[in-house]
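Visitor: Here you go, one structure.
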Amino acid sequence: MESANKYDLAVLGGGPAGYAAAIRAGQLGKKVVCIEMERAGGTCLNWGCIPSKALLKSAEIYSAMAHAEDYGLSVEGASFDFDKIITRSRGVSDKMAKGVEFLFKKNKVDQIVGKGQLIAAGMIEIIEGADKGKVVSADKVLLATGCLPRRIPNVEVDGKVIMTSREILENRKFPKSLVVVGAGAIGVEFAYFFNALGSEVTVVEMMDQIVPVEDAEVSQALARSFKKQGIKIHTGTKVENIKKLKTSVSMDLVKGEKTEKLKADMMLLAIGVVPNLDGALSSRVKLDLDRGYLKVDDRYETSMKGVFAAGDIIGPPWLAHVGTYEAVQAVNGMFTDQTPQRVTLFPGCTYCNPQVASVGMTEAKAKEEGLDYLVGKFPYTANGRAVASEQSEGFVKLITGKQHGEVLGAHIVGYDATELIAEYVLAMKMEGTIDEIHDTIHAHPTLTEMLGEAAAAVHGEAIHI
């Protein structure tokens with residue numbers, strides 16, 4: 001084995017957690033190496049968040065052209081080139097990955113393209129790639145190997161008929177019909193995308209509502225909108241007897257005692273994720289796990305001294321921005337006097353149309369915990385900017401403590417919800433109250449006015465409803 005110079009930090013994984021950790025350590029003047037099998041950016045930049053948002057933008061524009069007359073415009077012969085849509089999304093990913101590689105150079109972070117394996121505390125061996133056999137030595141190691149799409153046992157993912165989110169992002173054949181198994185964020189985003197382009201889409205969810213982690217009212221609003229758009233939804237339903245045919249897939253949809261047969265050109269499995277530790281740990285390395293995820297303490301350190309972990313590999317909520325936060329906190333704890341913070345407050349965003357965004361607890365959770373709470377709601381239909389933009393579908397919902405007016409949770413379904421949620425996240429971080437939000441002047445006409453109005457609605461003081 002060839003030995004390399006010693007680093008202050010070696011990062012295994014180059015996704016939002018891994019590359020953020022490497023860059024932050026570089027900013028602190030540390031000698032850093034980041035080891036990633038593919039391009040910098042990991043799943044998020046290359047096979048997840050970024051390329052999928054590029055696809056969704058194409059769908060949004062195509063849908064807008066179909067409704068051009070609503071704006072007094074005329075668009076004739078609108079069509080799409082699916083291959084070009086996919087090519088554009090890959091180009092966006094490429095551009096973002098190059099951006100991360102530039103930031104590595106700027107912060108003097110070394111990069112190794114290859115598969116690394118932790119063989120001992122402070123030692124990573126490259127087991128695949130051009131540097132195979134090389135051993136990287138470091139004072140500290142951060143594991144950020146993320147997650148992989150969950151698969152159904154005995155169902156072959158062939159990348160042609162049956163796919164996960166990874167394969168469908170580079171699939172260049174447009175399906176006339178698509179079954180999406182799983183109605184979390186990934187499932188509903190792809191359902192919206194393909195339906196907007198004209199595919200016949202069916203969504204199947206085992207839980208009783210789509211986007212199961214969201215507030216029930218938000219889920220119901222999204223389901224109504226999807227049905228209006230022509231998306232078929234089956235909740236409380238299992239998929240069984242999946243059979244891959246030559247150019248299609250068949251299955252049984254089972255709800256209670258009722259079974260319905262279904263056939264489609266393509267199936268997307270969007271049933272969650274599993275920890276990606278395959279090959280990342282030598283057989284000689286034993287780290288404590290929790291349901292397959294790496295167990296860490298308050299400083300993000302694993303059960304092996306000097307070995308830390310952050311991002312999806314330490315468990316839910318499996319969000320890129322959470323992984324980035326965790327990684328930066330971990331590095332600050334390693335190399336500065338700052339005490340690392342564990343994640344307790346974070347926004348969740350789903351980028352279909354209408355968009356969904358939330359932070360904090362749902363109303364069901366507040367009820368379950370026996371909290372004394374109040375609810376304020378404000379509809380998009382009463383907001384001038386939304387109506388002027390032909391985007392009047394949806395609402396803002398605030399859950400607040402009755403005694404002090406603190407924000408317990410915020411839920412938005414509607415246009416630009418994923419941008420609007422930031423104000424409520426900041427309010428919760430700063431322990432702001434609904435009165436402070438209401439007393440903040442929001443520019444007119446903007447969608448943000450709804451945030452102040454929802455706060456005012458808690459006490460029946462909203463002006464426009």
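The values are calculated or read from the model by the stated rules, or taken from the named source; none is laboratory data. The structure displayed is predicted, hence computed values, not measured ones. Here the Cβ is made from the backbone with ideal geometry for all residues, glycine too, and neighbour counts use every protein chain on show.
Visitor: So K30 fits all but one of (1) touching a helix residue (DSSP H, G or I) at 6+ places or on another chain (Cβ under 7 Å); (2) assigned to a helix (DSSP H, G or I); what number is the exception?
Guide: All conditions are met except number (2).
Visitor: Right, something else. Tally time: how many residues in the stretch 226-254 are more than 14 Å from A183 (Cα to Cα) and surrounded by 14 or more Cβ atoms within 10 Å (Cβ to Cβ)?
Guide: Of the residues in that region, 10 qualify.
Visitor: In addition: What's the number of the condition L12 fails, among (1) within 21 Å of A185 (Cβ to Cβ); (2) under 22 Å from the mean Cα position of the chain (by Cα)?
Guide: (1)
Visitor: Any residue that is modelled with pLDDT of 95 or more, under 25 Å from G182 (Cβ atoms) and outside the structural domain of I126 (by TED's automatic domain parsing) - is there at least one of those in the stretch 329-344?
Guide: Within the stretch 329-344, the first condition is being modelled with pLDDT of 95 or more, and the residues that meet it are 329-344.
If we keep only those that are under 25 Å from G182 (Cβ atoms) as well, we get 343.
Filter once more, so that each one left must be outside the structural domain of I126 (by TED's automatic domain parsing): 343.
Yes: one or more hits.
Visitor: Inspect all residues belonging to the stretch 225-241 and state whether any of them is assigned to a helix (DSSP H, G or I), of a type outside the set (F, W, Y) and either touching a residue at least 12 places away in the same chain (Cβ under 8 Å) or in contact with a helix residue (DSSP H, G or I) (Cβ under 9 Å, 6 or more places away or on another chain) (or both).
Guide: yes
Visitor: Among the residues of the stretch 34-49, is there at least one that is aliphatic (A, V, I, L, M) and assigned to a helix (DSSP H, G or I)?
Guide: Yes, that holds for at least one residue.
Visitor: Go through (1) free of Cβ contacts under 8 Å to residues at least 60 places away in the same chain; (2) closer than 21 Å to G184 by Cα and name the single condition R299 misses.
Guide: For R299, the exception is condition (2).
Visitor: Could we say that L426 is in contact with a Gly (Cβ under 7 Å, 6 or more places away or on another chain) and either of a type outside the set (A, V, I, L, M, F, W, C) or at pLDDT 95 or above (or both) here?
Guide: Answer is no for this residue.
Visitor: Same structure, new question: Identify all residues within the stretch 320-377 that are within 21 Å of L9 (Cβ to Cβ) and either in contact with a strand residue (DSSP E or B) (Cβ under 6 Å, 6 or more places away or on another chain) or small (G, A, S) (or both); write none if there are none.
Guide: Scanning the stretch 320-377 gives A320, G323, A327, A330, G333, M334.
Visitor: Could you please find all residues in the stretch 431-453 being within 23 Å of T344 (Cβ to Cβ) and either part of a helix (DSSP H, G or I) or touching a helix residue (DSSP H, G or I) at 6+ places or on another chain (Cβ under 9 Å) (or both)?
Guide: G432, T433, I434, E436, I437, L451
Visitor: Now a separate question. Which members of the stretch 73-112 meet the condition of being closer than 30 Å to E390 by Cβ and of a type in the set (G, A, S)?
Guide: S74, G77, A78, S79, S89, G91
Visitor: Would a scan of the stretch 261-271 turn up a residue that is surrounded by 15 or more Cβ atoms within 10 Å (Cβ to Cβ), at pLDDT 95 or above and among the β-branched types (V, I, T)?
Guide: Within the stretch 261-271, one or more residues are surrounded by 15 or more Cβ atoms within 10 Å (Cβ to Cβ), at pLDDT 95 or above and among the β-branched types (V, I, T).
Visitor: For the stretch 167-192, which residues satisfy the criterion of being out of contact with any Ser or Thr (no Cβ under 8 Å at 6 or more places or on another chain) and assigned to a helix (DSSP H, G or I)?
Guide: E167, I168, G187, A191, Y192
Visitor: Is it the case, given these coordinates, that K53 is in a helix (DSSP H, G or I) and outside the structural domain of K228 (by TED's automatic domain parsing)?
Guide: Yes, satisfied.
Visitor: Examine the stretch 336-348 for a residue that is surrounded by 18 or more Cβ atoms within 10 Å (Cβ to Cβ), closer than 30 Å to I61 by Cβ and touching a residue at least 24 places away in the same chain (Cβ under 8 Å), and state whether such a residue exists. Talk me through it step by step, then tell me what you get.
Guide: Step one: filter the stretch 336-348 for residues surrounded by 18 or more Cβ atoms within 10 Å (Cβ to Cβ), giving 340, 347-348.
Adding the requirement that they be closer than 30 Å to I61 by Cβ leaves 347-348.
The next check asks that each one be touching a residue at least 24 places away in the same chain (Cβ under 8 Å); those that pass are 347-348.
For the stretch 336-348, residues surrounded by 18 or more Cβ atoms within 10 Å (Cβ to Cβ), closer than 30 Å to I61 by Cβ and touching a residue at least 24 places away in the same chain (Cβ under 8 Å): present.
Visitor: Hey, another quick one. Looking at (1) charged (D, E, K, R); (2) touching a Lys or Arg at 6+ places or on another chain (Cβ under 8 Å); (3) modelled with pLDDT of 95 or more; (4) under 30 Å from A78 (Cα atoms), which is the one condition that is false for E125?
Guide: (4)
Visitor: Sort through A97, A130, A78 and tell me the only one that's touching a Lys or Arg at 6+ places or on another chain (Cβ under 7 Å) and more than 16 Å from G279 (Cβ to Cβ).
Guide: That would be A97, the only listed residue that is touching a Lys or Arg at 6+ places or on another chain (Cβ under 7 Å) and more than 16 Å from G279 (Cβ to Cβ).
Let's see how each residue does on (1) among the small types (G, A, S); (2) part of a strand (DSSP E or B); (3) out of contact with any helix residue (DSSP H, G or I) (no Cβ under 6 Å at 6 or more places or on another chain):
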position	(1), (2), (3)
T339	no, no, yes
S358	yes, yes, yes
K365	no, no, yes
G370	yes, no, yes
F378	no, yes, no
E390	no, no, no
K397	no, yes, yes
G409	yes, yes, yes
V413	no, yes, no
